[in-house]
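Let me begin by presenting the structure, written as structure tokens, before commenting on it.
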Amino acid sequence: MKLIDSILTQAAGIAAVRRDIHAHPELSFQELRTADVVAERLAAWGIATQRGMGTTGVVGIVQGRDGGACGRGIGLRADMDALPMQEFNKFAHASQHAGKMHACGHDGHTAMLLAAAQHLANNRDFDGTVYLIFQPAEEGGGGAREMIKDGLFTRFPMEAVFGMHNWPGSAVGSFAVSAGPVMASSNEFKITLRGKGGHAALPHNAIDPVPVACQLVQAFQTILTRNMKPVDAGVISVTMIHAGEATNVIPDACELQGTVRTFRVDVLDMIERRMKDITQNVCAAFGVSGEFEFSRNYPPTINSAAEAQFAREVMADIVGPQQVLVQEPTMGAEDFAYMLQAKPGAYCFIGNGDGVHREIGHGGGPCMLHNPSYDFNDDLIPLGATFWVQLAHRWLQTPAAS
């Protein structure tokens with residue numbers, strides 16, 4: 001493994017920053033303290049910053065020896081927000097804020113990019129500009145979209161943008177990157193069924209919406225098995241059903257909510273259309289009314305082929321080709337998708353290990369994403385930072401595509 005010596009030397013200090021951020025988690029668009037920490041560090045290293053992008057985002061501008069005169073630029077992105085969940089860990093850097101936790105490793109993503117920033121600031125042996133994007137509100141808030149609305153790509157002209165997420169279960173020292181869809185679109189639905197309530201002992205005097213809800217849950221799965229091509233991928237999960245208040249009362253209404261995930265927009269179009277058709281027709285068959293709502297949140301995250309291959313080659317030079325894995329697509333969603341809709345780039349994974357890095361006092365659960373016993377593996381900081389630095393250097397050294 002070829003790590004940059006200066007990053008290794010500074011790794012303990014950056015890890016301390018990471019643990020401080022972990023102990024003070026902030027939810028989407030509330031990352032004021034985290035943004036302060038980031039901006040103060042960048043300023044201390046002589047890096048110009050722009051605050052307030054997408055509400056609480058920070059952009060660091062590292063110009064090379066030419067002062068950025070060549071006009072070339074690359075964007076490196078890390079997310080900063082935490083999740084609204086209670087941490088089970090009891091180690092020293094556990095969350096100090098009840099109901100808030102860095103359970104996805106955004107504290108570590110921020111730390112890896114800070115470590116790269118420190119090295120780049122002290123070693124400006126490149127031409128062009130590296131834009132360090134510290135993004136708010138990835139966890140459902142669409143912070144990437146908001147930064148773009150605030151002029152991220154017009155005010156900071158970068159040719160490509162890259163992002164990275166830690167991946168529990170993959171060995172430390174490994175990466176994964178692939179072209180094409182790597183994370184799914186995230187979408188939500190809400191269906192309200194309205195019948196006629198009545199006494200549960202006299203069902204013939206009522207119009208019960210609950211059996212209709214049961215029919216819909218089953219019927220939606222036929223969209224995946226009978227309307228969608230078998231080679232395509234999609235998920236329809238009804239995750240909430242709310243109805244009734246008493247055991248002897250047939251309710252007036254029943255509400256279903258859930259999520260839909262796909263890798264392709266045309267597949268998503270078909271699923272939404274068929275869900276609406278099924279809802280309307282099943283409701284008509286049972287004599288209830290149905291209100292169908294469908295919200296499209298994050299689009300699919302689709303890596304451009306050239307940039308994914310470029311990242312793979314950089315990774316291979318650092319850890320060896322055998323440690324750069326095929327990036328298996330996941331039905332999780334990621335708002336970096338908005339950046340990849342606007343710019344070429346790639347979103348990759350870095351192995352976070354199996355959880356043995358956690359100290360005494362960790363929770364009893366596995367070290368998986370969005371788990372109350374999760375903690376980022378600080379051993380990743382030098383490796384992730386080395387990748388960011390080498391990626392930026394090689395990108396700016398490679399002739400621009402004509």
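One line per residue, one yes/no per condition, for (1) assigned to a loop (DSSP other than H, G, I, E, B); (2) in contact with a helix residue (DSSP H, G or I) (Cβ under 6 Å, 6 or more places away or on another chain):
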| position | (1), (2) |
| --- | --- |
| M339 | no, yes |
| F349 | no, no |
| G355 | yes, no |
| R358 | yes, no |
| G361 | yes, no |
| H393 | no, no |
| L396 | no, no |
| A401 | yes, no |
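For segment 14-51, how many residues are free of Cβ contacts under 8 Å to residues at least 60 places away in the same chain and closer than 24 Å to Q63 by Cα?
9
Among the candidates T239, T247, which residue alone is of a type in the set (S, T, Y), exposed (fewer than 15 other Cβ atoms within 10 Å of the Cβ) and touching a Ser or Thr at 6+ places or on another chain (Cβ under 7 Å)?
Answer to the check: T239.
Considering only segment 132-250, give the helices (runs of 4 or more DSSP H) lying wholly within it that have at least 3 residues that are more than 30 Å from P399 (Cβ to Cβ), at pLDDT 95 or above and of a type in the set (D, E, K, R).
Values: elements: 143-149, 152-155, 210-222.
Per the criteria, 143-149.
With buried (at least 18 other Cβ atoms within 10 Å of the Cβ) and either assigned by TED's automatic domain parsing to the domain that holds R312 or within 42 Å of the chain's Cα centre (by Cα) (or both) as the only criterion, which of P181, P211 stands out? Lay out the reasoning, then the answer.
Numbers: P211 fails: buried (at least 18 other Cβ atoms within 10 Å of the Cβ).
On inspection, the qualifying residue turns out to be P181.
With (1) in the same structural domain as P321 (by TED's automatic domain parsing); (2) in contact with a Ser or Thr (Cβ under 7 Å, 6 or more places away or on another chain) as the list, and F175 as the residue in question, which single condition is left unmet?
That leaves (2) as the condition not met.
Filter segment 51-71 for residues that are within 21 Å of A385 (Cα to Cα) and not polar (S, T, N, Q) and give the result.
Of everything in segment 51-71, those that are within 21 Å of A385 (Cα to Cα) and not polar (S, T, N, Q) turn out to be G57, V58, V59, G60, I61, V62, G64, R65.
Got a number for residues in segment 316-337 being part of a strand (DSSP E or B) and under 19 Å from the mean Cα position of the chain (by Cα)?
Total satisfying the criteria: 1.
Quickly run through segment 268-296 and pick out the residues that are surrounded by 16 or more Cβ atoms within 10 Å (Cβ to Cβ) and closer than 30 Å to L76 by Cα.
Within segment 268-296, L268 is the sole residue that qualifies.
The values are calculated or read from the model by the stated rules, or taken from the named source; none is laboratory data. Quick caveat: nothing in here was measured; it's all calculated off a predicted structure. Positions of Cβ are generated from backbone atoms using ideal geometry, with glycine treated the same way; all protein chains shown enter the neighbour counts.
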